[in-house]
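Take a look at the structure below.
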Amino acid sequence: MSPPAVAKWENLADRYQDEYKNHLDATCPLAKDDMKHFVYFAGDRASLKDHPLLTSERFTGAQIMYPWALLEPEKDQYDFSAIEEDYQYLKAHGKKLFIQLQDATFSVEFRGVPDYLNSDEFDGGSVPRFYDNGKQDGWSAKRWNPKVQHRFALLIVELGKSYDGKIEGINLQETAAAADSETDPTFSESGYVAGIKANMRALSKSFTQSSTMQYANFMPGEWLPWEDKGYLKEIYAYGEQIGVGLGGPDLMMRRRGQLNHALAMMHENEYSVPLGIAIQDGNYIGETDNTTVVKERKIIVPALHSFAQNFLDVDYMFWVNQEPYFEQDVLPCFENQNR
């Protein structure tokens with residue numbers, strides 16, 4: 001896990017700042033490649049019905065996010081009916097399902113974890129997430145709490161019993177955590193790392209046939225390349241060690257944070273496990289977490305594809321179903337791919 005030679009850079013953090021320029025000449029249609037392309041629906045399962053991906057040879061299937069609360073409405077009572085419905089629907093169209101398991105939300109109104117975790121036994125089960133400006137933006141399971149983590153692992157075990165070998169794969173949400181010891185005195189950086197690794201072990205043991213993946217983008221307590229405590233590097237090395245794939249949300253070709261964290265981890269090392277990158281809301285216009293519709297825009301889909309293929313060398317790309325970008329920018333680039 002050694003970094004590349006960067007002596008020529010005055011600022012190590014800028015070593016990849018111009019890489020995006022190497023991909024701006026990419027054009028549509030996109031030539032066939034060895035990657036598997038999925039359409040990411042987040043939790044919008046209804047949009048899957050009659051979606052264009054169902055008749056597209058280029059897309060392998062759909063990535064759908066299922067919250068823990070939905071899958072375990074009562075303690076030890078599991079309900080996978082939503083997954084089963086989507087799995088069967090995709091299968092009928094010759095497509096695959098990729099599960100994203102949700103234990104954190106970006107909604108103040110929805111915690112995402114089962115209600116039974118909101119008790120003293122599990123120390124409340126979840127904590128609020130906050131923007132840098134102090135405004136709450138959602139909730140996150142207490143991944144560092146061994147009892148909470150144990151319950152999450154049991155869910156993964158049950159999912160493996162039902163869907164290992166049937167679905168294309170399963171991934172856990174990003175490692176970025178809006179928590180620290182100030183907002184929650186039970187939090188510790190070492191405990192957080194241990195919790196993430198425990199979840200990865202559960203994936204490895206429960207899914208031996210389907211692909212597994214941990215989204216690992218940022219870790220609390222460090223900011224690469226200067227504040228490097230080895231946490232993110234440890235997660236990537238651990239995934240390679242135990243056979244769990246690695247990836248991240250937000251393909252941001254020009255943003256320092258992404259370039260120096262998940263994207264650097266992928267580019268700078270060799271992996272035998274699958275790698276994946278998600279193009280999420282705003283990425284089609286070079287931003288993140290942005291639902292604004294920009295009518296006059298440069299289509300950067302071919303550049304995103306080239307960056308993922310040639311710089312990151314990923315095995316999976318997850319294209320968010322954000323309109324009008326998906327229909328107007330993404331789909332046309334995947335048409336006539338034999339040309």
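The values are calculated or read from the model by the stated rules, or taken from the named source; none is laboratory data. In this text, all values refer to a predicted model and were calculated from it rather than measured experimentally. Every residue, glycine among them, receives a Cβ derived from its backbone with ideal geometry; neighbour counts consider all protein chains shown. Each accessible area value is taken on the protein alone, full model and side chains, heavy atoms only, with ligands, DNA and RNA left out. Shrake-Rupley method; radii C 1.70, N 1.55, O 1.52, S 1.80 Å.
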Please enumerate the residues belonging to the stretch 232-255 that are basic (Lys, Arg) and part of a helix (DSSP H, G or I). Lys233
Can you work out which of the residues in the stretch 106-121 that are out of contact with any Ser or Thr (no Cβ under 7 Å at 6 or more places or on another chain) and at pLDDT below 90 is most open to solvent (accessible area, probe 1.4 Å)? Glu109
Looking across the stretch 33-58 at residues that are out of contact with any Phe, Trp or Tyr (no Cβ under 7 Å at 6 or more places or on another chain) and hydrophobic (A, V, I, L, M, F, W, C), the single one that is most open to solvent (accessible area, probe 1.4 Å) is Ala46
Consider Ser204 carefully, then state whether it is open to solvent by 20 Å² or more (accessible area, probe 1.4 Å) and touching a residue at least 60 places away in the same chain (Cβ under 8 Å). no
Within the stretch 282-297, which residues are under 14 Å from Tyr40 (Cβ atoms) and over 19 Å from the mean Cα position of the chain (by Cα)? none
Does any residue in the stretch 90-109 that is closer than 13 Å to Gly43 by Cα come within less than 7 Å, Cβ to Cβ, of a residue that is of a type in the set (Asp, Glu) and at pLDDT below 95 six or more places away or on a different chain, and which pairs are these? Phe106/Asp137
Index of the failed condition, Thr183 passing every other in (1) modelled with pLDDT under 95; (2) open to solvent by less than 10 Å² (accessible area, probe 1.4 Å): (2)
What are the residues in the stretch 129-152 that are open to solvent by 30 Å² or more (accessible area, probe 1.4 Å), basic (Lys, Arg) and assigned to a helix (DSSP H, G or I), if any? Lys147
Answer yes or no as to whether Tyr66 is of a type in the set (Ser, Thr, Tyr), closer than 17 Å to Asp103 by Cα, open to solvent by 50 Å² or more (accessible area, probe 1.4 Å) and at pLDDT 95 or above. no
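Within the bounds of the stretch 303-311, is there any residue that is over 27 Å from Leu53 (Cα atoms) and modelled with pLDDT of 95 or more?
No, because not a single residue in the stretch 303-311 is over 27 Å from Leu53 (Cα atoms) and modelled with pLDDT of 95 or more.
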